[in-house]
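Written out below as structure tokens is the structure these notes cover.
No lab work stands behind these numbers, since they all come straight from the coordinates. What you see is a predicted model, and the numbers here were worked out from it, not measured in a lab. Glycine also receives a Cβ, built like all others from the backbone with ideal geometry; neighbour counts cover every protein chain displayed.
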């Protein structure tokens, strides 16, 4: 564990975490909505600091990033925890539960990245990396100094202040826009406007691509994808959009996969305003 950043101590022993829009008030021995930011004796700690649940060398296209060093490989690290509660989470075993982990200091992560053949950098991914922002902020400068790329695969649910601290160290991001609908975001435990602001600010600072996982009955209508595509095009029509097919997982295991024809229809709609639209998991 390491003392967290972006929090305020309160006179009653609680703390207020300012990392994301949940702004959790956490009592002694309690955790935030994300499950990994813990109040111990009136001090907030990042419980998952340096705890690695997964470490793999992946194609950059798997992040997915289509326009960032295509054809390259990137070492990808995951921890555990998430500040959203999607019932269809594809990585619920590490986002909603505490898996077995191994400890890796920022220096050890740098060593692994620098000594992996063919690797261009480090992707913080699999679970929601932003709930472990302290670890990223310690590791990313080391990686950058060594000439390695820093990539985040994230839900974008982070407040403006922490994001501004983080962005100078980030080369590329894939941001998951889960729906173009504020009410749907509330159901998932997120905040629509915060995610849109993250996309806007990040696109001005680094390479950004966007993913939308299409879930039947939730975000599979043409109007939503048209709204997302038109909004992205106002930022830049060059931003790649990945429309990803849902497969039953977690609490949505009884659902049907997204029909392939639905995926094709949505992609065609998005291509009216965006230059780079990709289908995933089809």
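Tabulated results
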read-out	value
Cβ-derived FRET efficiency at R0 25 Å, residue 3 paired with residue 27, nearest 0.05	0.90
Degrees between helix 133-145 axis and first principal axis of the chain (Cα, 0 to 90, nearest 10)	80
Footprinting exposure proxy for 97, 22, 276 (fewest neighbouring C-beta atoms within 10 Å first)	97, 276, 22
Relative counts (whole %) of C-alpha pair distances in the chain, using bins that are 5 Å wide	1, 6, 13, 16, 19, 18, 13, 8, 4, 1, 0, 0
Whether region 2-46 is rounded, prolate or oblate, judged on the alpha carbon gyration tensor where a/c under 1.5 counts as rounded	rounded
Estimated [θ] at 222 nm from DSSP helical runs (n ≥ 4, -39500 (n - 2.57)) normalised by residues in the chain, nearest 500	-8000 deg cm²/dmol
Neighbour-count order for 44, 143, 188, fewest beta carbons within 10 angstrom listed first	188, 143, 44
Relative contact order of the chain, defined on C-alpha pairs under 8 angstrom at six or more residues apart (%)	14
Region 155-272: projected area of the alpha-carbon convex hull, averaged over directions, in nm²	7.4
The chain: antiparallel DSSP beta bridges as a percent of all, rounded to 5	45
Longest to shortest principal axis, alpha-carbon extents of region 1-92, angstrom	53, 27, 21
Exposure proxy ranking, count of Cβ atoms within 10 Å, fewest first, for 68, 192, 124, 247	247, 192, 68, 124
